[in-house]
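Only the coordinates and a few stated rules stand behind these numbers; no lab work does. Owing to the predicted nature of the structure, the values given are computational and were not obtained by experimental measurement. Counting neighbours? That spans all protein chains shown, and the Cβs are built from the backbone with ideal geometry, glycine included.
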Amino acid sequence: MVALTAACAAAPVAAQVPDPQMTERIKEEGLRRSQALDLFHTLTDVYGARLTGSPEYTAAARWARDRFAEWGLADPRLEAFEFGRGWTLDKLSMEMVEPRYMPLIAYADAWSPSIAGVLEGPVVYVGNKTAAEIEAMSDRLRGAIVLTLQPQTEFRDDDRPQPGMGETVRTGNPPGIPSNSVTPRREMTPLLRAAGAAVMIRPTYYRDGTVGGTGSRDTPDDAVPSMVLSAEQYNMIARLSERGVPVHLRVELRTTYDDDTATYNVLGDLPGTDAEVRDEVVLVGAHLDSWHTASGATDNGDGSLAVMEAARILAALGARPRRTIRFALWSGEEQGLLGARAYIDEHLQTEDAQAKLQVYLNDDPGSGRSLGFYMQENMAAKELFDAWLEPLRDLGVAMNVVAGIGSTDHVPFDQMGLPAFNAIKDFEAYDERTRHTNADYPERMSEDELMQQAIVLAHFAWQAAQMDGRMPRARAPRP
């Protein structure tokens, strides 16, 4: 905290930046009276994993809405949209009981059905079997614990290149890691379902006890329950099976499908005060949902925290922006940017509504400090952002890059031709360690980083709300 607090001293401000005094007030509030760490720990420790559609997500969304109300934002609200089945993990354990005892690091796929009772028995390894061989052994597969893939030999060992470090920015998600089996999963899954397998287990592609966990909301109620196991432990069991050494596991998995088929975006406004532009909107957002294996701290608790603390900072300062600043926490990002798309469907269907969106600022991929913004090839907007960046250089905000980035909530806005930009974050240990894994806990973030990223959002939102004229657009919005 010392390093950032010391940075409160005024820095040279570019002439293009309006209201530099407000920037210094934002820094002062964000550094000396920060609530970032407390909010972050409440979100990640008290509410924890926030799978879209789950009761835990809904509880976190209501908490965030109530904070917006507490801080005095106008119309703090939940906006519902149809999602489908909610899902809760009630109980999970996996242990090896023969040839010796060992607790195993395993997680259920989200939306997996339950296993009936406590299942104990030998594993059946089919990773080296053809579809015909699997079909022929259906008697052995009924009620069985099935290992579906060959040992994992390739791993998520690297993060994507850091932007601005001499390499082309890798947009979207990191490249896939292959898993190996003689029979492709699309063929194996219906065979195991038809045979009545009790559970199917596959290895993760992370190392050292790190387990990645996702899932599909379209999983049928009568699907074979599915789990993912740490790579090293899976590989050990597969090797023992191939050597003819019997391995017995004890597995328990209880899940619940929830009746509420809706999920919720969280919104709150700082109303505009300039009669000429107050109905224009500066939108600031991040996705609140996470996967279920940890507490969603870096994906995307830190981004959600940045939006919330930016809202608190500006509200605490009694900010009266020219344009409306709207703070948004999206649901369903992990299932296809659903919350952002629902907002577009609800609020941006007409040309007039699209014209009133001044800019969308998103905070998602990566963790740690905010370094600037991906500018989506919008050079005119980059000139503005470069000027706005200058008074934050003392906080380590160093660059805006021309390139864009995909696979997060600004994308559907950008595809419409609307000005929408994502924060540049550190990728160190994000792809290879925390993203979508059981290691995504708040210890990966420092208080300095949490404070800094909130100040960045508050500053850029204020500049966009106060600027003369409109944010440049790279291309015309579609009808």
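Here is how the numbers come out for the structure above:
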quantity	calculated
Binned Cα-Cα distances of region 91-255, short to long, each 5 Å bin given as a whole percent	2, 9, 17, 21, 20, 14, 7, 4, 3, 2, 1, 0
Spin-label zone in region 104-144 - amide nitrogen under 13 Å from a point set 7 Å from the Cα of Ala194 along the C-beta vector	131-139
Which of Trp71, Trp63 has the fewest Cβ neighbours within 10 Å, and the rest in rising order	Trp63, Trp71
For q = 0.08, 0.09, 0.10 Å⁻¹, Debye-computed log10 I/I(0) when each Cα of the chain counts as one equal scatterer	-0.51, -0.63, -0.75
Summed side-chain charge close to Ala297 - residues other than Ala297 whose Cβ falls under 9 Å, Lys, Arg +1, Asp, Glu -1	-3
Principal-axis tilt of helix 338-347 within the chain, Cα atoms, nearest 10 degrees	40
Whichever lysines have a C-alpha closer than 22 Å to that of Lys382, once near sequence neighbours (fewer than 8 apart) are set aside	Lys356, Lys425
Packing rank of 326-339, 191-204, where each peptide gets the mean count of other beta carbons within 10 Å, highest leading	326-339, 191-204
Total formal charge among the other residues, if their Cβ is under 15 angstrom from that of Tyr205, Lys/Arg +1 and Asp/Glu -1	-3
Relative packing of peptides 101-112, 396-407, 82-93, 262-273 - highest average C-beta neighbours within 10 Å first	262-273, 101-112, 396-407, 82-93
Label-to-label distance, nm, for residues given as Asp394 and Glu447 (7 Å Cα→Cβ offset)	2.0
Debye equation applied to the C-alpha atoms of region 393-447, log10 I(q)/I(0) at 0.20, 0.29 Å⁻¹	-0.96, -1.13
Degrees separating the helix 447-466 axis from the principal Cα axis of the chain, which is the longest one	50
Nearest-ten-degree value, helix 231-242 long axis tilted from longest Cα axis of the chain	20
Qualifying GluC sites (Glu not before Pro) in region 375-471, DSSP loop, other Cβ atoms within 10 Å at most 16	Glu377, Glu428
Ratio of Rg to Rh over region 98-194 (Cα coordinates, Kirkwood Rh, two decimals)	1.09
Net charge over other residues, Cβ less than 11 angstrom from the Cβ of Leu267 (K, R count +1; D, E count -1)	-1
For region 59-147: rounded, prolate or oblate by the Cα gyration tensor [a/c cutoff 1.5]	prolate
Relative contact order %, region 92-162, counting alpha carbon pairs below 8 Å whose residues are six or more apart	24
